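Here is the structure we will look at, set down as structure tokens.
Please treat every number below as a calculation from the coordinates, not as lab data. This is a predicted model, so every value here is computed, not measured. Glycine gets a Cβ as well: all are built from the backbone with ideal geometry, and neighbour counts include every protein chain shown.
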């Protein structure tokens, strides 16, 4: 058992009157023993969590799972990704009010209610709040904001790190911005409710998943035009690409995982996930041998083999896990549990949730940055 887990367990036991004195001695001893090994490990990585309702980011230390900082960033932080040099975290911010999830029809498809005046005419939206926030990791401070079109939800960095590809949820578009020039360069029409954005491994294209109709758009990064379009079942959330070009797209409403050929832009196989699954996010292990899928309302994480596509495990976590991340060493998984305002820590070798860490309100996205 890891020293950090022993300390957590003993801390809980210390509340029992008969165990209090003995356990306190063990906690002190273990903490001392762990100090020499944990200090180096603690510097290994940090977990950055966007909190959609409280407008801030929780920073968790990867060594002892303590909250290292809480940083105010602006309205509705959702998508979050780090620069390749590990110095900057980019955060999608939006002034569009939060809405409840849509109702689901008998076939598991979302029923969207059309707003009066069109999707773009929400009088209560604060468009000045929209943008991509720039967070300096060393200073733990928001240092600027890039114009990113209307209601940015998710995004991806270009392979060279010079541009950001963004989904603009309320305008059925994707945007491209230059980081150095702080300039909005392209606006590309896509389908309804665009959400997930992922660059292909070679950087020549990026994919945009659209919730409303299940459309997947493939955008060329030279011409910035859609070069392909195909469909999956309702509410596709993101794409996770292997270096080989094979991709994985979760369809939330259908409880399915789509395996795609990223070169040919087509679905190769569709897998039905365990009953009750509402898959939200798919990510790969560092060695690409495992795929992890957060199952939303099911409160679980599915673990799949990336070669056989076999379901290996289902791990219970917190309430409605959304964003997930895996530590650089592949040992731990973190899930953002929106309704319960916490992050689950999963030991992947034990295939078990170790603990939950309190965050701000409605944790949404996770980015893990090596130090």
Review point. Alpha carbon centre of region 80-100 versus region 321-342: separation in Å?
Key: 16
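Ranked highest first by average number of other Cβ atoms within 10 Å, how do 81-87, 240-246 line up?
Details: 81-87: 14.0, 240-246: 15.7.
Ranked from most to least packed, the peptides come out as 240-246, 81-87.
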Exercise for review: Express in nm, to one decimal, how much length is gained between residue 202 and residue 243 on full extension, taking 0.36 nm for each residue of separation and deducting their alpha carbon distance.
Suggested key: 13.9 nm
Review point. Points 7 angstrom from Cα along the Cβ direction at residue 160 and residue 69: gap in nanometres?
Key: 3.0
Point to revise | Order by protection proxy (mean Cβ within 10 Å, highest first), peptides 148-154, 328-334 | key: 148-154, 328-334
Review point. Using a Förster distance of 45 Å, how high is the FRET efficiency between residue 371 and residue 231, based on the Cβ-Cβ distance and rounded to 0.05?
Key: 0.65
Point to revise | Label point distance in nm, residue 129-residue 361, each placed 7 Å from Cα along Cα→Cβ | key: 1.1
Review point. Using mean Cβ contacts within 10 Å as the protection proxy, how do 287-295, 89-97 order, highest first?
Key: 89-97, 287-295
Review point. Using Cα pairs under 8 angstrom and six or more residues apart, how large is the relative contact order of region 75-242, in percent?
Key: 15
Exercise for review: May I ask for the distance between the Cα centers of region 186-231 and region 274-299, given as a whole number of Å?
Suggested key: 22
